[in-house]
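The block underneath contains the structure these notes are about, expressed in structure tokens.
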Amino acid sequence: MATRSASGAASSSDDDSRCLLFALSHDELGVIFDGLADPLQPVVAVAFSSTCLGLRTPLRAALEVLAVQHEKAEAWCRRHGHPFRCRRNSCTAVLEEVDLTMHHPRLTGDGWETLGMILRTRGLPKLRELMTSGSPFGAVGMPALCDGLGRGSAPSLRILLVGCCNVGPAGAEALAAALNRGVFPQLDTLMLYDNPLGAQGIVALAPALRKLPELTTLNIHSCDIGDEGVASMVDNLGKDDFKKLEKLDLCANKITDASVAKLLTAINAGGLPKLGKLLRFGNSVSDSAVAALDAAPGKRSVVPRLLRRADLDDGRRSSLRSSH
């Protein structure tokens, strides 16, 4: 037994001495491990740390972190992934998810953060639709979701709906930073309705929204943006700003004739070339402002009359919402 132990120790020592990875510093090993550390599929990182005995000690702390991340990811996948596929292998199944819909109370603050972790490691490469509504944790959740996301973290995402989730200015700023990093390169529909973005939030978002190359639908219904927010979106539009935008929902915001004037100026200058549906509710915009927008040269066919509150009172609320 003693002889075998001594022989085994010598063999391990020889393996360690031949392992070229020992020429790397701990920081360099950490960079490699981080690149391999996938919370959904940790087996590759674990195998790397087991390449030779001497790697286990410097990577022990990182392995412990990965184990916690895997546990969180597995629990999240069981909770939010496809109910049938995830009974077999929850983490593997999520890699195939095309759409995810999460509603309160299922999406907690930790849930937002875990979803961000999964996106950071390219865990949802086929995801096209991500929708959540009614979570009260958006104020901290949106920054947690967006933190650390890099270019192409969600390469296939086309629809992002975050409605009535208490996303305020900080969340808007975090989302803007993510959009500027190219996190959602294929995004064509963004719906942020019923969130307290305020002027600060939409001013932070506007430059990033303008540059989204595929954006066709923007819903900022009831986001308390006001005239300042509209101005930040449409003042001095460049030739590529909102070049594909077709639907803009400004309903239930504190906008006045000043916002309509800004839109009219932008349209007359050749901006918003694809805009075909513009909605607003309430009585803060005058009939004369609406008429002026309707009469914009060459735009009558693509900028229809703004809808009034009365248009919602004839039983067509659901069809209007479904169009967005």
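Bear in mind that the values in this text are calculations on the coordinates, not laboratory data. Owing to the predicted nature of the structure, the values given are computational and were not obtained by experimental measurement. A quick note on method: Cβ atoms are made from the backbone with ideal geometry, for glycine too, and the neighbour counts reach across all protein chains shown.
Worth a mention:
- Asp235/Ala67 FRET efficiency (R0 51 Å; Cβ-Cβ; nearest 0.05): 0.50
- Estimated vicinal HN-Hα couplings, Hz - region 203-210 in sequence order (Karplus 6.51, -1.76, 1.60; Gly, Pro = x): 5, 5, 7, 3, x, 6, 5, 4
- Spin-label pair Glu129/Arg78, simplified geometry with 7 Å Cα→Cβ offset, distance in nm: 2.7
- Shown for region 25-94 is the translational diffusion coefficient from the Stokes-Einstein equation, using the Kirkwood radius over Cα pairs, a temperature of 4 °C and a viscosity of 1.567 mPa s: 101 µm²/s.
- In range of the label at Asp147: residues from region 174-206 whose backbone nitrogen is under 16 Å from the point 7 Å along Cα→Cβ: 174-178
- Under Karplus coefficients 6.51, -1.76 and 1.60, residue-wise ³J(HN,Hα) of region 245-251 in Hz, glycine/proline x: 5, 10, 10, 10, 9, 10, 4
- Extension gain, Asp110 back to Val43 (0.36 nm per residue minus Cα-Cα distance, nm): 21.7 nm
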